[in-house]
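The values are calculated or read from the model by the stated rules, or taken from the named source; none is laboratory data. Everything numeric in this text was worked out from a predicted model, so none of it was measured. Virtual Cβ from ideal backbone geometry, glycine too; neighbours counted across all protein chains shown.
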Amino acid sequence: MKTEKQLNALIYAIEKYPLIGRTKLMKFVFFVDLFRFNQTSETLLEDEYIRLPNGPVPDIGFSYTDNSNAYLTVTCEQFDPERRLYHYTPRKQSDQSLFSDDDIELFNVIIETLKVHNTAQVSDLTHTFRLWKDARNSDIITKEKLQLDEYEYDELESFFYYLQATKYAKEIAEFPDVAVEETVPDEMLRLQFETMDRAE
């Protein structure tokens, strides 16, 4: 079941972001589980993570994105001596019935953020977490190590929800007669205030 859920999450990400590369695709899986574990103490995609130089990598996701299979057509070209570019084409549509509305909303937030940040910026975020810093290359990062401290979780939220917060702020500016509390979720308001505090 966990393989089916993760493969359908991968297909969903590719459907929404056709140009997504392998590193960002792996980060998508990681950030979904990182958010969910810190919210519910359980992961959603149930993978095991391996510590690699560019950040934690999901074992199942990594194995299914290397070569074509029943779910994905995978093409790869050598970009330079150290890098290869992967392109993915789903062979079937994602089965969204496997996920809740909240899951899909989380997927969309992560995907939209991945679109506007380059791969290095996304990898750099993973390098700020103790779960990566305290491990050695090829170490298994157990599920329990996904627990972030308060500062780390604030950084995670700010990175992914900043775009939504600014979008809501722009909507308020365009429709000043609409009450703020009716337009912006509490979480978005908190992030906006935190952003303003840091700017000062």
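Worth pointing out:
- Of the helices (runs of 4 or more DSSP H) that lie entirely inside region 1-95, those containing 3 or more residues that are surrounded by 15 or more Cβ atoms within 10 Å (Cβ to Cβ) and free of Cβ contacts under 8 Å to residues at least 60 places away in the same chain span 59-64.
- Complete set of residues in region 136-163 that are under 18 Å from Thr43 (Cβ atoms) and of a type in the set (A, V, I, L, M, F, W, C): Ile140, Ile141, Leu146, Leu148, Leu156, Phe160
- Number of the condition not met by Tyr17 [criteria: (1) within 19 Å of Val109 (Cα to Cα); (2) at pLDDT below 95]: (2)
- Taking region 1-24 as the range and being aliphatic (A, V, I, L, M) and closer than 23 Å to Asn54 by Cα as the test, the residues that pass are Leu7, Ala9, Leu10, Ile11, Ala13, Ile14, Leu19, Ile20.
- Of residues in region 124-162 being of a type in the set (S, T, N, Q) and outside any loop (DSSP other than H, G, I, E, B), the one modelled with the lowest pLDDT: Ser158
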